[in-house]
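Below you'll find the structure, written out as structure tokens, and then a few comments.
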Amino acid sequence: MIACILPSSIQANIDGAASPIYRDHNFVKLPLSFSFGVDTVASQVDHEPHLEGGGFAASKSKPRHRSSRMGLSWSAGAKFKVSVDWVSRIITSKRDQFELDSYTISFRHELLSVNGPWSFSFGASISSNRASDLTKTSYTNYDGLLVTRVSLNEPYDRQYQANLIARRLTSKGIGTAVYSGLGRVKSDNKGFDGVIQDDEQCRFGFASRDAGSAVQLLEPCGSIQSYRRVYPSSAAFEDQYKINSSADVKSRTVYWQIGAQLSKLVGRHQYGIGYHYQRFFRDAVDQRLEQRGMDPLLDNHSISTWWHYRLNTNWQLETGAEYSRRPMLNRLFLLYTGFTSERFRQDAIVFSATLRYRFGRI
């Protein structure tokens, strides 16, 4: 098995009962497997969110990232595999906590198996991250405007990915895999709401949609007792408040990726290391970040290691660790916005554990 901490779409493309690296572990009668796993990081954060009426909630120490996941894989013979995966994630920072779900369906087909240890495969996947809303209460200084709260309504992303994989197994149980691929991502939402504060400490609520936006005074402030204004277009709203209802919270991304993995199979044990690189090409969202003096995040490097142990005929335990310069940048595209891109600017080590059950017998 390729390490479970890799992006699930890549993992499913390379992994599988048909993999020549792990052909000794095939379960040929019923080629179906079910897995359950958890991920977490070593670093903790003292979570103190803003309260609606002012002040902060009591501090609680939480991991910056944690998730639980389930997967189902089915192999048709030695050359074709289909996988379905679900992941529930919680991303926590000092003031914010985001909860979202990820779904992936992928397949891998062996294109060519030459004489000797080499084989070549094609893998493709469709994946999506979704949330009912993502609310950010940490303050954001946006072109001189203080945004004290922003909430994305029903944000989602949809990712299409294709990879070519080459694998090799030696007689000594040493396996290698190299892959390269392309991906395309659309990130969108159904508008966003928020609260802004001007220089005189007056608080205004706003709602922004593609069809128009509105701003309203939340409570009397100084000589202003009430205020409401409707903007017929996103351009008119941007002229006044510098916030673009499309480019700041929606994006289109194209990326390419390469990676390599090395593993060693010894009896019931299997050890491995891997490297993964992605380069991103985005639309206006990166230009907007540059205009605000922020550096766009254009690439990501990851190094992983793993250990798997076959407990018996059907059960297998899989553990791993991955160091990533930009954790989750290659997975949670809906969080890459003008308000939340800072969530990817700190490196982390993600630890993973999975229990896998295979139906059938060797």
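Each of Trp315 and Gln346 was given a label point 7 Å from its Cα along the Cα-to-Cβ line. The distance between the two points is 3.7 nm. Between Val254 and Thr170, the C-beta separation translates, for a Förster distance of 41 Å, into a calculated FRET efficiency of about 0.70.
Among the listed pairs Lys60/Lys190; Lys94/Lys136; Lys94/Lys190; Lys190/Lys250; Lys62/Lys136; Lys190/Lys242, which have their C-alpha atoms separated by more than 21 angstrom in this model?
Lys60/Lys190; Lys94/Lys190
Among Lys250, Lys81, sorting on how many other beta-carbon atoms sit within 10 Å of each Cβ, with the fewest leading, yields Lys250, Lys81. For Lys172, a cut-off of 28 angstrom between C-alpha atoms picks up these lysines, skipping any fewer than 8 places away in its own chain: Lys29, Lys79, Lys81, Lys264. Projected onto its three principal axes, the C-alpha set of region 294-362 covers 54, 21, 14 Å, listed from the longest axis down. For Arg95 and Gln216, the FRET efficiency from 1/(1 + (r/R0)^6), where r spans their Cβ atoms and R0 equals 25 Å, is about 0.55.
Per-residue ellipticity at 222 nm from helix content only, as computed over the chain with -39500 (n - 2.57) for each DSSP H run of at least four residues, stands at -1500 deg cm²/dmol. Based on Cα contacts under 8 Å between residues 6+ apart, region 214-284 shows a relative contact order of 23 percent. Ranked by how many other Cβ atoms sit within 10 Å of their own Cβ, fewest first, the residues Trp74, Trp256 fall in the order Trp256, Trp74.
All other residues whose Cβ lies under 11 angstrom from that of Gln159 are scored, Lys and Arg at +1 and Asp and Glu at -1, for a net of +3. Under 5 Å between amide hydrogens, built in the peptide plane, is the criterion, and for Ser233 it picks out Ser213 among residues at least 5 positions away or on other chains. Taking every alpha-carbon pair under 8 Å whose residues sit at least 6 apart, the chain reaches a relative contact order of 17 percent. Sorted ascending by nearby beta carbons within 10 Å, beginning with the fewest, Thr176, Thr354, Thr313 become Thr313, Thr176, Thr354. Values (1) 20.2; (2) 21.6; (3) 22.2 are given for comparison; Kirkwood radius over Cα pairs in Å, derived from the coordinates here, is the one labelled (3).
Here, each number is a calculation from the coordinates, and none is a lab measurement. Values in this document were obtained by computation on a predicted structure and should not be read as measured data. Here Cβ is always computed from backbone atoms with ideal geometry, including for glycine, and neighbour counts include all displayed protein chains.
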